[in-house]
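Before any comments, here is the structure.
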Amino acid sequence: MRTLIRFLLLLILIAGIALGGAWFWGGRAEGPAITIVQPERFVGQATTLQVTVETPGGDLSDLDVAVEQGDRRFTVASMTAAAGTALTQESADRVSLSQPIGKVAIPELASGPARIVVRASRPVMYGLRQATSSVEKDIEVRLEPPRVSVLSTKHYVNLGGAEFVAYRATPEDVTSGVKVGDIEFPGFPASGAGIQGDPALRVAVFALAYDQDLTTPISVFARDEAGNEAATAVGHEAFPKPFARSRITVDDSFFARVLPEIVSNTPGLDLSTAPDDLLDTYLAVNGDLRRRNADTIRELAGDTAPAMLWKGAFNQLGNSQVESRFADHRTYFYDGREVDRQVHLGFDLAVTANVAVTAAERGRVVFAAYLGIYGNCVILDHGLGVQSLYAHLSSIDVTAGAEVEKGQVLGRSGMTGLAGGDHLHFTMLVNGYAVNPVEWWDPKWMQDRILRKIAEAGGAPGGSRP
Ligand SMILES: [Zn+2]
């Protein structure tokens, strides 16, 4: 009998230890995996907090999100007060929460450091215990909008042309630039244009695209990481530019000469509609491929030096005959009927066949390869978002990344791509948008529009190599 009682007591003891152990280990089970996706560092007027929580089976028993500042605590979301908490089931194991935490949502928030605290629990041991985890992130509340003011004077913009502005933007870590309608042009520290001394000074080259309205608003803007933005208008005058209209007749012999080369050099060109129809193929090349090429050119705009690599006016190809001008509005005829309309965004310059094509100014090669309608193509970066493009080359003598001096040979003219004969298609680009090169070839324009403003801001223009 006593043996039996002892045995039972021992059994109870073992069960107790096992239960206690399970309880203990259950308590040590890992809580949900919490990630604060946004904000990265700054919170402004209307910042949104983004949190993901991962747990097996998506089984969440508690979620508490708060912003702490000093000894104050603002609850942003909690599962116990589930109303208004926007949880999204992203996958079987993952939920996400998106909640405004800016000054608009939390009016008591003040500028300065703060902390986001997220706590989440999941049930373990059949719900007898909770496994909890928490994550904190230090943030900075920024409520003061940046300041921006224009320094340079006399801004004259031609339709399809470029302009230059010097301005101040504070605090120093803001993103700033020029907005022309919906199009943004990045600003750069003015030291890149040889203007020293004031770290708040910025410069930007911007353009009024050939197809924008003359009354398009132009402003300088500054935006901080907390999403606060300031903008001020750039006083300017805009001038119309008459663009030529021309008729271009295309025929099967032209198609047969240019299309096979373009198609074989352009992987992914969609000719599925009518692979055997030369006219359809031509229209796909002249339309879709032209747009794709424009996208590629715009992507290359980000590859620019934060400094002005050029010193003065750009060179036009020597002794060249102008065959077509910037923004020529072309109507295409085939077999007597209109089949297409496109705008020619460059200058066609002809000398003789296979003439040496030289760099219009100092720069760095950012592209040297086949590019659809442009055939063998070189793009040079001159800094501050300014680039030049050389197309239809028969051969290329430079490689991407190479630094080139003004006048250095880039390759030989030719008729690769969509070219009717041997010529150089040349254009200037401002942040990837084609602008009229006539301005850049003109020493007086360069002096009045760019070099004067740099000198007036206290700079020694041009020629810096970062
Ligand atoms: Zn051309």
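Things worth noting here:
- Every residue from the range 384-408 that is over 24 Å from the mean Cα position of the chain (by Cα), within 16 Å of the ligand (Cβ to nearest atom) and of a type outside the set (Ser, Thr, Tyr): Ala391, His392, Leu393
- Of the residues in the range 106-117, at least one is in a strand (DSSP E or B) and in contact (Cβ under 8 Å) with a residue 60 or more places away in the chain.
- Scanning the range 295-323 for residues that are in contact with a Gly (Cβ under 8 Å, 6 or more places away or on another chain) and within 16 Å of the ligand (Cβ to nearest atom) yields a total of 1.
- Given (1) more than 13 Å from the ligand (Cβ to nearest atom); (2) under 30 Å from Ser176 (Cα atoms); (3) part of a strand (DSSP E or B), index of the condition Gly411 fails: (2)
- Per the listing Gly432, Gly458, the residue uniquely at positive phi, surrounded by fewer than 18 Cβ atoms within 10 Å (Cβ to Cβ) and more than 16 Å from the ligand (Cβ to nearest atom) is Gly458.
- Subset of the range 344-369 [more than 15 Å from the ligand (Cβ to nearest atom), over 23 Å from the mean Cα position of the chain (by Cα) and in a strand (DSSP E or B)]: Ala356, Thr358
- Failed condition for Val65, given (1) in a strand (DSSP E or B); (2) of a type in the set (A, V, I, L, M, F, W, C); (3) in contact (Cβ under 8 Å) with a residue 60 or more places away in the chain: (3)
Readers should treat all values here as calculations from the given coordinates under stated rules, not as data from a laboratory. Quick caveat, the model's predicted, so the values are computed rather than measured. Neighbour counts are summed over all protein chains in view; Cβ atoms, including those assigned to glycine, are modelled from backbone coordinates with ideal geometry.
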